[in-house]
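Working notes, structure below.
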Amino acid sequence: MCPLFADEADFFYYIKCMDSLDFVEFNDVTFTYPAVEGDVDENGEQIVPKPIFEHFSASLPKGFVSLVGQNGCGKSTLMLLASGRLKPDSGNVSLLGKDVFSLGEEEKNLLATVIYQNMEFETEDSVESLLSQVYAGGKFAGKAVAIGGTGDLKDEAIRVFELEGVLNHALTHLSKGEIQRVLLAFSVLYGSESIFMDEPMFAMEEAQKEKSLAYLKEFARKTNRTIYIAMHELDLTKKFAEKVLLFYPNRDMSFGTPDEVLTDEELEKAYEIPAALLKKKEDMTREQLAAESAMMR
Ligand SMILES: Nc1ncnc2c1ncn2[C@@H]1O[C@H](COP(=O)(O)OP(=O)(O)OP(=O)(O)O)[C@@H](O)[C@H]1O
């Protein structure tokens with residue numbers, strides 16, 4: 001596991017790995033979300049939000065990387081800062097050697113695609129038409145060989161993400177799982193240097209998740225792209241991720257291979273429940289979980 005050097009006194013974190021100097025660098029980054037109107041304390045005073053990251057420095061590598069950790073631990077925020085979609089209050093973020101926030105829209109998109117958690121669309125264009133537009137407008141300019149070696153990348157993406165049946169449908173008329181499969185296809189066909197995906201598969205069927213992850217991993221390897229993917233499925237992370245960034249509730253992190261990072265000890269620290277319960281976690285209510293957790297202690 002890659003050590004995390006944390007100076008508790010001034011919250012200066014530094015994650016440094018032997019192979020890490022070539023993807024994203026956070027240099028002394030502090031970031032705070034704006035205050036939420038109506039959020040007041042018991043005295044009626046506006047609550048001033050605390051920084052999500054404070055003097056955060058880290059250097060993270062290329063590859064197929066899964067971000068895991070409890071709700072609200074900072075996975076999305078880290079990806080939005082890394083991809084230049086959020087501006088740090090101070091410090092800077094360098095993606096593939098570029099000050100990503102300051103780039104123009106197109107250059108930023110070609111460097112990093114982002115699949116947000118809840119994307120909404122207004123277009124009435126068909127899936128087929130949108131796939132063609134995204135393919136033609138991105139890095140591949142509408143021409144790339146399938147990573148399987150024969151045929152075109154677009155046909156392969158349609159096949160892998162099982163889109164044959166919805167090609168003539170408008171995006172706005174699709175189910176959540178279908179939209180997620182279209183977004184995965186967009187992200188591949190656009191061909192940017194990196195893709196940040198925020199829980200991009202939660203509505204998909206298990207078999208589709210596995211098929212998609214296997215393909216995305218292969219796509220990243222063969223096209224030298226980097227994919228950072230936040231997901232709650234630890235079993236899929238173990239099975240498919242090359243590296244894992246595990247977030248702890250205090251926003252410390254560990255980085256390494258699934259075997260190195262996803263040990264019972266680290267998972268208990270990250271999720272604050274016994275590791276044995278984690279497998280069942282998604283099926284249980286918070287109350288059931290607390291009760292079972294108390295019994296096991
Ligand atoms: N737009 C926002 N305005 C204010 N606070 C926000 C905003 N987005 C996120 N936060 C807060 O920032 C913290 C980190 O959130 P973030 O979305 O990065 O976590 P996450 O690990 O991606 O969570 P999840 O697994 O639930 O998606 C949380 O406390 C969250 O409430």
Go through region 75-92 and give me each residue that's open to solvent by 10 Å² or more (accessible area, probe 1.4 Å) and assigned to a loop (DSSP other than H, G, I, E, B). Arg85, Leu86, Lys87, Pro88, Asp89
Given the residues Phe196, Phe219, which is the only one that is touching a Ser or Thr at 6+ places or on another chain (Cβ under 6 Å), aromatic (Phe, Trp, Tyr) and closer than 19 Å to Ser83 by Cβ? Phe196
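Please specify each residue of region 68-90 satisfying the condition of being of a type in the set (D, E, K, R) and away from the ligand (no atom under 12 Å from the Cβ). Lay out the reasoning, then the answer.
To start, the set of residues in region 68-90 that are of a type in the set (D, E, K, R) comprises 75, 85, 87, 89.
Residues satisfying the conditions are Lys87, Asp89.
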Could you grab the pairs with beta carbons closer than 9 Å, sequence gap of 6+ or different chains, first residue in region 61-89 and farther than 10 Å from Ala230 by Cα, second one in a helix (DSSP H, G or I) and within 13 Å of the ligand (Cβ to nearest atom)? Gln70/Ala270; Gln70/Tyr271; Cys73/Ala270; Arg85/Met79; Leu86/Thr77; Leu86/Leu80; Lys87/Leu81; Pro88/Leu81
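Please verify whether Thr237 is open to solvent by less than 10 Å² (accessible area, probe 1.4 Å) and either within 16 Å of the ligand (Cβ to nearest atom) or without any contact (Cβ under 8 Å) to a residue 60 or more places away in the chain (or both), treating the condition exactly as stated.
On the way: open to solvent by less than 10 Å² (accessible area, probe 1.4 Å): yes; either within 16 Å of the ligand (Cβ to nearest atom) or without any contact (Cβ under 8 Å) to a residue 60 or more places away in the chain (or both): yes.
Yes; evaluated as a whole, the condition is true for this residue.
Here is a list: Glu266, Glu260, Glu242, Glu272. Which entry is surrounded by fewer than 19 Cβ atoms within 10 Å (Cβ to Cβ) and within 13 Å of Ser66 (Cα to Cα)? Please lay out each step first, then the result.
Working: Glu266 fails: within 13 Å of Ser66 (Cα to Cα); Glu260 fails: within 13 Å of Ser66 (Cα to Cα); Glu272 fails: within 13 Å of Ser66 (Cα to Cα).
Exactly one of Glu266, Glu260, Glu242, Glu272 is surrounded by fewer than 19 Cβ atoms within 10 Å (Cβ to Cβ) and within 13 Å of Ser66 (Cα to Cα), namely Glu242.
Is it fair to say Ser59 is more than 12 Å from the ligand (Cβ to nearest atom), hydroxyl-bearing (Ser, Thr, Tyr) and under 29 Å from Glu260 (Cα atoms)?
Working: more than 12 Å from the ligand (Cβ to nearest atom): yes; hydroxyl-bearing (Ser, Thr, Tyr): yes; under 29 Å from Glu260 (Cα atoms): yes.
For Ser59, the condition - more than 12 Å from the ligand (Cβ to nearest atom), hydroxyl-bearing (Ser, Thr, Tyr) and under 29 Å from Glu260 (Cα atoms) - is met.
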Look through region 93-131, keep the residues that are within 16 Å of the ligand (Cβ to nearest atom) and closer than 20 Å to Ala185 by Cα, and return whichever of them is most open to solvent (accessible area, probe 1.4 Å). Glu120
Kindly indicate whether any position in region 44-55 is within 13 Å of the ligand (Cβ to nearest atom), in contact (Cβ under 8 Å) with a residue 60 or more places away in the chain and either in the same structural domain as Pro200 (by TED's automatic domain parsing) or open to solvent by 50 Å² or more (accessible area, probe 1.4 Å) (or both). yes
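If you go through region 171-199 one residue at a time, how many are of a type outside the set (Asp, Glu) and in contact with a strand residue (DSSP E or B) (Cβ under 6 Å, 6 or more places away or on another chain)?
8
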With (1) more than 21 Å from the chain's Cα centre (by Cα); (2) of a type outside the set (A, V, I, L, M, F, W, C); (3) modelled with pLDDT under 95 as the list, and Gly104 as the residue in question, which single condition is left unmet? (3)
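The values are calculated or read from the model by the stated rules, or taken from the named source; none is laboratory data. All values reported here derive from a predicted model rather than from experimental measurement. As a convention, Cβ positions derive from the backbone with ideal geometry for all residues, glycine included, and neighbour counts pool all protein chains shown. What goes into the accessible areas is simple: the full protein's heavy atoms, side chains included, and nothing from ligands, DNA or RNA. Shrake-Rupley method; radii C 1.70, N 1.55, O 1.52, S 1.80 Å.
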